[in-house]
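Enquirer: Provided herewith is a single structure, encoded as C-alpha cells, for subsequent inquiry.
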Amino acid sequence: MALDNKVIITAALTGAMTPKELNPSIPLTPEEIAEDAYNCWKAGAAVVHLHMRDDNGIGTMDKEKFKKTIDLIKERTDCNVVINCTTSGDSRASYEERMAHLSYVKPEMASFDAGSFNWMPFGVFDNSPQFLEQLGLKMKELKIKPELEIFDSGFMNIVNYYVKKGVLETPCHYQFVLGVLGGMEATVKNLVYLHDMLPEGSTWSAFGVGKQHLPIMYAALSLGGHIRVGLEDNVYYSKGKLATNVMLVERAVRVVREFGKEPATSDEAREILGIKK
C-alpha cells in the first residue's frame, strides 16, 4: 500500500505537568513510561513522544531519566518505535539543560517549539531566538529530525526564518498544537488556516488539547495530515471516562482505518519523515 495512504500515529505519553491525581494511568517513572511506550507501539503508534518526571512527579530534563527510559524501551528487541524527545519538559531548566540529552541519547526526533508565548496562567513559555538557533544547529549536527511545534500562526514565519538561515533543513515536519490557553484555539477553522500556510512538500501532524482532540483528529485526517494522541494532551476517553494511552492509540487506529487509510509502521514513518534508521 502506498505511503500516501499511511497515517503516522504519535503517542504523547506523559507531558510535563498533568498530575497523576487527575488520571492514575499517567506514567511517571522510566519503567512506567517505557512500558506504555511499548504497549502503544504494539497497539499501532509509530512514534512515542517522551517527557520525563522527577521523583516528585514534576517535569524534568534530567538526561539520565531519558537514558534509562530509552534503554528500557530498546530492551524490547521486537520494538522499533521512533523515539521523539521533548526539549521543553521543565520551565526551570536552562537552555543547556534542555539540550543536554540530545547528544547523550541521540533520539531520532525531538521537539522544536518554534516560539514563545504566555502559557496561561502558568507563565512565559520561553523559546528565545538565541535558544532556537542553538537548538536547530544542535539537531542538524546530530541528524535529529526536528518536530516543529506550532502553537500560533506567527510560529510559521519563525520556522521560515530559520529555514532561510540554514538552521532548519527542508522538508520540515510540523506539529500543530491547538487548544493551549495563550496559543491558537482548537478549532477546525484554525487548523485549516495553519494547513494553508504549509510550504509545499512538508509533512505535518496535529492534535487538540482536551475535549477538542476528536474534532482536530478528524479534521487532520480529512486534510491529509498525521495525528497525535495521548495522556499528555487529554486524560479522558469520553465525558467522565478516564483514558489510558493504549485506549487512545487503539481508537486512533480504528478512526484511521474507518477513514480508509492505514496506520504507518515505525519504518514507514521513518520513510515518510526522511529519517534514516
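The values are calculated or read from the model by the stated rules, or taken from the named source; none is laboratory data. No experiment lies behind these values; they were computed from the predicted model shown. Counting neighbours? That spans all protein chains shown, and the Cβs are built from the backbone with ideal geometry, glycine included. Heads up: the accessible areas ignore ligands, DNA and RNA and are worked out on the full protein's heavy atoms, side chains in. Shrake-Rupley method; radii C 1.70, N 1.55, O 1.52, S 1.80 Å.
Enquirer: Residue 161 to residue 124: FRET efficiency via 1/(1 + (r/R0)^6), r the Cβ-Cβ distance, R0 22 Å, to the nearest 0.05?
Expert: Using R0 = 22 Å, I get an efficiency of 0.60.
Enquirer: So how much slack lies between residue 257 and residue 134, counting 0.36 nm per residue of separation and subtracting their Cα-Cα distance, in nm?
Expert: On the way: separation 123, 0.36 × 123 = 44.28 nm, distance 4.00 nm.
Separation in residues times 0.36 nm, less the Cα-Cα distance, equals 40.3 nm.
Enquirer: What is the distance, in nm, between label points placed 7 Å from the Cα along the Cα-to-Cβ direction at residue 56 and at residue 80?
Expert: Computed distance between label sites residue 56 and residue 80 equals 4.2 nm.
Enquirer: Please give the direction-averaged projected area of the C-alpha convex hull for segment 53-150, in square nanometres with one decimal.
Expert: Seen from a random direction, the Cα hull of segment 53-150 projects 6.8 nm² on average.
Enquirer: Given the C-alpha centroids of segment 63-130 and segment 1-38, what is the distance between them in whole angstrom?
Expert: Answer, in whole Å: 14.
Enquirer: Another question about this same structure. What does the C-alpha gyration tensor say about the overall shape of segment 140-205? Classify as rounded when a/c is under 1.5, otherwise prolate if a/b is larger than b/c, or oblate.
Expert: Prolate, because a/c is 1.5 or more and a/b exceeds b/c.
Enquirer: Report relative contact order for the chain in percent, whole number only (criteria: Cα-Cα under 8 Å, sequence separation at least 6). Before the final figure, lay out each step's value.
Expert: Details: 543 pairs, mean separation 64.9, N = 277.
Relative contact order, the chain: 23 percent.
Enquirer: Anything over 30 Å Cα to Cα? Flag those among 164/276; 65/189; 65/261; 42/68, in the order listed.
Expert: With Cα atoms farther than 30 Å apart: 65/189; 65/261.
Enquirer: Could you give the length gained by full extension between residue 20 and residue 97, i.e. 0.36 nm per residue of separation minus their alpha carbon distance, to one decimal place?
Expert: Length difference between fully extended and current span is 25.2 nm.
Enquirer: So, one more: How much length is gained if the chain between residue 276 and residue 214 is pulled fully straight, taking 0.36 nm per residue apart and subtracting their Cα-Cα distance, in nm to one decimal?
Expert: The residue 276-residue 214 span can extend by a further 19.2 nm.
Enquirer: Something else about it: Please work out whether segment 137-277 counts as rounded, prolate or oblate from its C-alpha gyration tensor, where a ≥ b ≥ c are the square roots of the eigenvalues and a/c under 1.5 means rounded, while otherwise a/b larger than b/c means prolate and anything else oblate?
Expert: prolate
Enquirer: Please work out whether the chain counts as rounded, prolate or oblate from its C-alpha gyration tensor, where a ≥ b ≥ c are the square roots of the eigenvalues and a/c under 1.5 means rounded, while otherwise a/b larger than b/c means prolate and anything else oblate?
Expert: Here the chain falls in the rounded category.
Enquirer: Which of the lysines could a cross-linker span from residue 239 if the Cα-Cα distance has to be under 17 Å and same-chain partners fewer than 8 positions apart are dropped?
Expert: 211
Enquirer: Rounded to a whole number, what % of the accessible area of the chain do carbon and sulfur atoms account for, probe 1.4 Å? Before the final figure, lay out the partial values.
Expert: Details: 6570 of 12420 Å².
Exposed carbon and sulfur together represent 53 percent of the surface.
Enquirer: May I pose another question? In Å², and per residue, what accessible area does segment 16-72 have when probed at 1.4 Å with the other protein chains present?
Expert: Result: 42 Å² of accessible area for each residue.
Enquirer: Give the relative contact order (percent, whole number) for segment 105-167; include only Cα pairs under 8 Å separated by 6+ residues.
Expert: Working: 66 pairs, mean separation 26.4, N = 63.
It comes to 42 percent, rounded to a whole number.
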